[in-house]
There are 2 protein chains.
Amino acid sequence: MKSAFESHNHSACADAAMTRATNLAAARGLRLTPVRRRVLEILLERHRALGAYEVLERLAAEGLGKQPPVAYRALEFLVENGLAHRIQRLNAFTACQSVHEDGQAPAFLICRECQTVDELDAADLRDALSTRAGQAGFTVERATIEALGLCATCAGRA
Amino acid sequence: MKSAFESHNHSACADAAMTRATNLAAARGLRLTPVRRRVLEILLERHRALGAYEVLERLAAEGLGKQPPVAYRALEFLVENGLAHRIQRLNAFTACQSVHEDGQAPAFLICRECQTVDELDAADLRDALSTRAGQAGFTVERATIEALGLCATCAGRA
DNA sequence: AATAGGAATGTTATAGCATAACATGAAATC
DNA sequence: GATTTCATGTTATGCTATAACATTCCTATT
């Protein structure tokens with residue numbers, strides 16, 4: 001699997017994600033409605049996080065909804081079902097690029113230069129965090145791990 | 001050092017933090033002005049994250065500023081100098097409870113029940129993250145590690 | 001095929017978070 | 001004491017997010 005920072009056949013990458021989403025919906029009886037499907041497609045266009053209002057603009061241009069709740073509801077659906085992630089640092093959303101258990105969100109690498117967002121499996125980091133938290137009597141339910149920095153490409157350019 | 005979740009002599013805890021802040025300001029030639037000092041005191045009242053507008057209400061009640069930029073500027077100053085932290089998940093701010101290098105923010109444990117926020121030293125987690133990111137050619141500049149869950153006290157109550 | 005119940009979407013309105021831009025004032029430096 | 005720098009005051013606005021209610025669309029059941 002190529003990282004989001006490397007150049008790759010992106011349409012294959014997006015197609016694969018759409019296929020995973022379609023299969024997941026079928027398996028779980030989720031309704032991947034036109035708005036939801038379209039929002040996921042929009043997020044999949046690039047390895048970048050989009051704000052809800054950016055998504056909404058796109059939807060509006062296509063006649064799929066003009067008000068914020070339309071975008072927020074679709075995004076919420078995608079996030080709840082692991083098809084997209086919310087990037088807290090950016091107040092924005094990105095399509096899920098990997099496969100992982102529910103609630104087991106990966107860590108994110110966010111390039112401050114090109115805004116590309118990549119996922120990193122974070123199982124070990126989450127485990128370490130849970131262990132340490134557990135020592136303080138704290139039960140971790142959801143962990144957010146986000147790194148801001150420079151990707152290789154942008155570092156090379158500078 | 002007691003965790004924020006345990007009952008403790010909180011005024012001593014807040015005083016110690018204020019003293020650290022005063023010393024840091026002196027050492028670095030920072031200006032801990034009345035507004036900045038007061039904002040830090042307000043954050044130190046409890047181990048909870050406060051939104052900028054909550055801080056602003058307090059300031060306004062005391063005649064220290066009525067407009068959002070007053071609160072945001074003071075908070076920005078505190079965060080930049082490591083005296084407070086921004087909790088991304090909450091869009092809120094909390095006083096720093098520990099001592100750490102610049103930019104080396106700790107991990108946060110956020111109880112979803114009592115809203116208490118505690119810090120955990122995250123040096124090892126950050127290192128692990130940086131190493132893993134480095135394998136993908138990514139240079140981590142700042143890492144956000146936040147865990148949402150239940151503290152021992154609240155878990156016991158349920 | 002009618003219909004009842006639930007799920008999704010449409011719509012209005014508003015709440016909450018954050019900053020740009022410019023004016024004024026205070027403090028340190030020269 | 002003039003200059004420069006930093007902090008604060010103020011106005012205005014932009015971005016992010018959700019509550020609440022109306023309507024439409026599916027689905028399952030009769």
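The values are calculated or read from the model by the stated rules, or taken from the named source; none is laboratory data. Just so we're clear, the structure is a prediction, and the values are computed from it rather than from any experiment. Heads up, the Cβs are rebuilt from the backbone with ideal geometry, glycines too, and the neighbour counts pull from every protein chain shown. What goes into the accessible areas is simple: the full protein's heavy atoms, side chains included, and nothing from ligands, DNA or RNA. Shrake-Rupley method; radii C 1.70, N 1.55, O 1.52, S 1.80 Å.
Brief remarks on what is shown
- Annotation note: GluC sites (Glu not before Pro) in the range A:2-49 located in DSSP loop regions with a Cβ neighbour count of at most 14 within 10 Å are A:GLU6, A:GLU45.
- Area accessible to solvent at A:VAL79, 1.4 Å probe radius, in Å²: 50
- Debye log10 I(q)/I(0) for the range B:1-53, one point scatterer per Cα, at q = 0.13, 0.17, 0.20 Å⁻¹: -0.36, -0.60, -0.78
- A/B buried area, accessible surface, summed, 1.4 Å probe, Å²: 3000
- Residues listed by number, the range A:1-38, amide nitrogen under 16 Å from A:ALA152 label point at 7 Å toward C-beta: A:1-9
- Gyration tensor verdict on the range B:10-95 (Cα atoms; rounded if a/c is under 1.5, prolate if a/b is larger than b/c, oblate otherwise): rounded
- Modelled label positions at A:GLN115 and A:ALA60, each set 7 Å beyond Cα in the direction of Cβ, lie 1.7 nm from each other.
- Helix-derived mean residue ellipticity, 222 nm - over chain A, DSSP H n ≥ 4, -39500 (n - 2.57), to 500: -14000 deg cm²/dmol
- Karplus-derived 3J(HN,Hα), 6.51/-1.76/1.60, for each residue of the range B:97-108, Hz, glycine and proline x: 10, 9, 10, 7, 4, 4, x, 9, 5, x, 8, 10
- Summarising the label geometry, the points placed 7 Å from Cα in the beta-carbon direction at B:GLU6 and A:HIS10 lie 5.2 nm from one another.
- Rounded to the nearest 20 debye, the dipole size of the range B:1-150 about its Cα centre is 420 debye, using +1 on the Cβ of Lys and Arg and -1 on the Cβ of Asp and Glu.
- Put a plus charge on the Cβ of each Lys and Arg, a minus charge on the Cβ of each Asp and Glu, and nothing anywhere else: the dipole of the protein assembly as shown about its Cα centre is then about 720 debye.
- Of all the options A:ALA49, A:ALA21, A:ALA12, the one that moves most in a Gaussian network model of chain A with Cα springs shorter than 10 angstrom is A:ALA12.
- Selection from B:GLY29, B:VAL55, B:VAL70, by position along the positive dipole direction of the range B:16-100 (Cβ): B:GLY29
- Translational diffusion of the protein assembly as shown, µm² s⁻¹ [Kirkwood Rh, Cα pairs; Stokes-Einstein; 20 °C; 1.002 mPa s]: 101
- Taking all protein chains as shown and a probe of 1.4 angstrom, A:ASP124 keeps an accessible surface of around 80 Å².
- Taking a ≥ b ≥ c as the square roots of the eigenvalues of the Cα gyration tensor, chain A is oblate, since a/c reaches 1.5 or more and a/b is not larger than b/c.
- Sites excluded, trypsin sites (Lys or Arg not before Pro) in DSSP loops with at most 15 other C-beta within 10 Å, longest stretch of chain A: A:113-158
- Bins of 5 Å, starting at 0 and running to the largest distance - Cα pair percent for the range A:107-157: 5, 20, 21, 16, 13, 11, 8, 5, 1, 0
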